[in-house]
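Asker: The structure that follows is given in the form of structure tokens.
The values are calculated or read from the model by the stated rules, or taken from the named source; none is laboratory data. All figures in this text were calculated on a predicted structure; none of them were measured in a lab. Cβ sites come from the backbone with ideal geometry, for glycine too, and all protein chains shown count toward neighbours. Surface areas here come from the heavy atoms of the whole protein model, side chains and all, with no ligands, DNA or RNA. Shrake-Rupley method; radii C 1.70, N 1.55, O 1.52, S 1.80 Å.
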Amino acid sequence: MQHPHLSSKLPNVGTTIFTVMSQLAAEHGAINLSQGFPDFSPPERLMDLVEKFMREGMNQYAPMMGVPALREQIAGKVNRLYGAQADPDREITVTSGATEALFVAIQASVQRGDEVIVFDPAYDSYVPAIELAGGVPVHLPLLPPDYAIDFDRLSHALSSRTQMVIINSPHNPTGSVLSPDDLGQLAELLEGTDTLLLSDEVYEHIVFDGMEHASCLSIPALRERSFGVSSFGKTYHNTGWKVGYCVAPPRLTEEFRKVHQYVTFATTTPMQYALAEFMEDASHYLELGDFYAAKRDHFRSGLEKSRFDILPCRGTYFQLLGYDRISERPDTEMGRWLTEEIGVAAIPVSVFYRDRTDTRVLRFCFAKDEFTLNRATAKLKAL
Ligand code: PMP
Ligand code: GLN
């Protein structure tokens, strides 16, 4: 058989690490703390609502920009939490997960040769999306131990070629969070420029120790140039539903929707109606920080007597563990070994760096029930 020649548009990209590690975990029957997803169900009532709306006939295409009731709920939430006025009709679009929103925001605004600043370690979908748009990723490091933005370096990297800066707080994989002061500094640097901000806030409700999430939507000087992206998957324990959204000023939303309508057109209908009704009560997301703080603390205390170094975790449902005292293996090998031989799967953090910086740190997802966490810590403690 003769195959047509296809030159890759993403020659440096393989299969995403989340698929690789979840598959490896399944093959070896390992406890899967690699790919980030809960091993417990969404709230019962939310699932009942999906069924209700399916039975009531909400099974055909949703409006392209999202079900009005859901966009109104999102508007109400960002107003209450971040003091942002967002017009549901002109500024809020429901997407098929945050992944779609991130991809669409980048395709809609980055042109060939435009620079986009990303901070390493960076979530793995950003750079391929920039490259498909013909943009040029400019990588800046987040500085350990706090994985903080180096604003001097950012200021030097910004130029008239910078079309976009991408930030992510709370941060996957490091669990760091940006403060209002960080956002203020960013606003100052971007003032007077045409640079856009893409703010990935999918873990907005998973912030610990009395801190509050600092949203790009809460600072007018950022809001006017931002695509603020979030996901219901993290908030309502339903990553498989793939419902997310983007809040952006009308001019940006207009361009965003031009792309969104030809990527997915619309997002799954009954889930949108169910989420809209469920969101009328805010208590679930208001209590989510405490819910996950308890899991974080449980996981960390289970590892207290282990030889892992437990890094700070201020948000998200990921815990970084350094294993310098256990092994000198590179982190990709360590992740594989841990999965195959010890029976606990984790993500090597080097994959989030363009240059594969290896600090011998692995990322563990603690969005799991106590039983799963106990089984995992028992194995990890023995190393
Ligand atoms: N951004 C970050 C930082 C994430 O961790 C994830 C997924 N876990 C996403 C975006 C994608 O979200 P979704 O599953 O809603 O597409
Ligand atoms: N965002 C999730 C993680 O960081 C996984 C998402 C995915 O599998 N694409 O683990």
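Asker: Quickly run through segment 223-276 and pick out the residues that are within 15 Å of ligand 1 (Cβ to nearest atom), surrounded by fewer than 20 Cβ atoms within 10 Å (Cβ to Cβ) and of a type outside the set (Ser, Thr, Tyr).
Answerer: Listed by number, the residues that qualify are Gly240, Lys242, Val263.
Asker: I need every pair where a residue in segment 121-147 that is closer than 17 Å to Gln111 by Cβ has its Cβ under 9 Å from the Cβ of a residue that is hydroxyl-bearing (Ser, Thr, Tyr) and open to solvent by less than 30 Å² (accessible area, probe 1.4 Å), sequence separation at least 6 or different chains.
Answerer: Cβ pairs passing all conditions: Ala133/Ser109; Pro137/Tyr126; Val138/Thr162.
Asker: What single numbered condition from (1) within 16 Å of ligand 2 (Cβ to nearest atom); (2) free of Cβ contacts under 8 Å to residues at least 60 places away in the same chain; (3) closer than 20 Å to Pro68 by Cβ fails to hold for Ala101?
Answerer: (2)
Asker: Could you check segment 129-148 and list, in sequence order, the residues that are more than 28 Å from Ser179 (Cβ to Cβ) and open to solvent by less than 30 Å² (accessible area, probe 1.4 Å)?
Answerer: Matches in segment 129-148: Ala133, Gly134, Gly135.
Asker: Also, quick follow-up: Of everything in segment 198-222, what is farther than 27 Å from Gln319 by Cα and either basic (Lys, Arg) or open to solvent by less than 10 Å² (accessible area, probe 1.4 Å) (or both)? Give them in sequence order.
Answerer: Answer for segment 198-222, where residues must be farther than 27 Å from Gln319 by Cα and either basic (Lys, Arg) or open to solvent by less than 10 Å² (accessible area, probe 1.4 Å) (or both): just Leu222.
Asker: May I pose another question? More than 27 Å from Thr372 (Cα to Cα), within 16 Å of ligand 2 (Cβ to nearest atom) and touching a strand residue (DSSP E or B) at 6+ places or on another chain (Cβ under 7 Å), is that true of Ala86?
Answerer: No, not satisfied.
Asker: Continuing with the same structure: Given the criteria buried (at least 19 other Cβ atoms within 10 Å of the Cβ), more than 23 Å from Thr316 (Cα to Cα) and within 15 Å of ligand 1 (Cβ to nearest atom), does Ile74 qualify?
Answerer: no
Asker: Report whether or not Gly184 is of a type in the set (Gly, Ala, Ser) and touching a residue at least 60 places away in the same chain (Cβ under 8 Å).
Answerer: No.
Asker: What are the residues in segment 84-101 that are within 22 Å of the chain's Cα centre (by Cα) and either away from ligand 1 (no atom under 16 Å from the Cβ) or open to solvent by less than 20 Å² (accessible area, probe 1.4 Å) (or both), if any?
Answerer: Of everything in segment 84-101, those that are within 22 Å of the chain's Cα centre (by Cα) and either away from ligand 1 (no atom under 16 Å from the Cβ) or open to solvent by less than 20 Å² (accessible area, probe 1.4 Å) (or both) turn out to be Ala84, Ala86, Glu91, Ile92, Thr93, Val94, Thr95, Gly97, Ala98, Glu100, Ala101.
Asker: Quick one: which of Glu44, Glu27 is without any contact (Cβ under 8 Å) to a residue 40 or more places away in the chain and more than 30 Å from Phe278 (Cβ to Cβ)?
Answerer: Criteria check complete, one pass: Glu27.
Asker: Kindly indicate whether Leu154 is of a type in the set (A, V, I, L, M), closer than 16 Å to Gly228 by Cβ and either away from ligand 2 (no atom under 16 Å from the Cβ) or open to solvent by less than 10 Å² (accessible area, probe 1.4 Å) (or both).
Answerer: Judged against the criteria, Leu154 is not a match.
Asker: If you don't mind, another one. Taking segment 219-256, which residues are more than 13 Å from ligand 2 (Cβ to nearest atom), assigned to a loop (DSSP other than H, G, I, E, B) and basic (Lys, Arg)?
Answerer: The one that is more than 13 Å from ligand 2 (Cβ to nearest atom), assigned to a loop (DSSP other than H, G, I, E, B) and basic (Lys, Arg): Arg225.
Asker: Please work out which one of (1) open to solvent by less than 10 Å² (accessible area, probe 1.4 Å); (2) farther than 13 Å from Thr253 by Cβ is the condition Val104 fails and give its number.
Answerer: Result: Val104 passes all but (2).
Asker: Can I ask one more? Checking the conditions here, which among Leu81, Leu33 is surrounded by 13 or more Cβ atoms within 10 Å (Cβ to Cβ), over 18 Å from Ser226 (Cβ atoms) and either within 16 Å of ligand 1 (Cβ to nearest atom) or touching a residue at least 40 places away in the same chain (Cβ under 8 Å) (or both)?
Answerer: Leu33
Asker: What residue, of Phe299, Phe371, is of a type outside the set (Gly, Ala, Ser), open to solvent by 60 Å² or more (accessible area, probe 1.4 Å) and part of a helix (DSSP H, G or I)?
Answerer: None of the other options fit; the residue is Phe371.
Asker: While we're here: Considering segment 172-186 alone, what residues qualify as being open to solvent by 10 Å² or more (accessible area, probe 1.4 Å) and either under 23 Å from Gly233 (Cα atoms) or not in a loop (DSSP other than H, G, I, E, B) (or both)?
Answerer: Correct list: Ser176, Val177, Leu178, Pro180, Asp181, Asp182, Gly184, Gln185.
Asker: Then there is this: Against the conditions (1) under 23 Å from Thr195 (Cβ atoms); (2) more than 16 Å from ligand 1 (Cβ to nearest atom); (3) open to solvent by 40 Å² or more (accessible area, probe 1.4 Å), where does Met58 fall short? Just the number, please.
Answerer: (1)
Asker: While we're on this one: Enumerate the pairs (first residue in segment 52-66 and under 12 Å from Tyr273 (Cβ atoms); second residue anywhere and assigned to a loop (DSSP other than H, G, I, E, B) and small (Gly, Ala, Ser)) with beta-carbon separation below 8 Å, excluding pairs fewer than 6 apart on the same chain, so at least 6 apart or on different chains.
Answerer: Partner pairs satisfying both residue conditions: Ala62/Ala266; Pro63/Ala266; Gly66/Ala266.
Asker: Further question: Are any residues in segment 277-289 among the hydrophobic types (A, V, I, L, M, F, W, C) and open to solvent by 30 Å² or more (accessible area, probe 1.4 Å), and if so, which ones?
Answerer: Listed by number, the list holds a single entry, Leu286.
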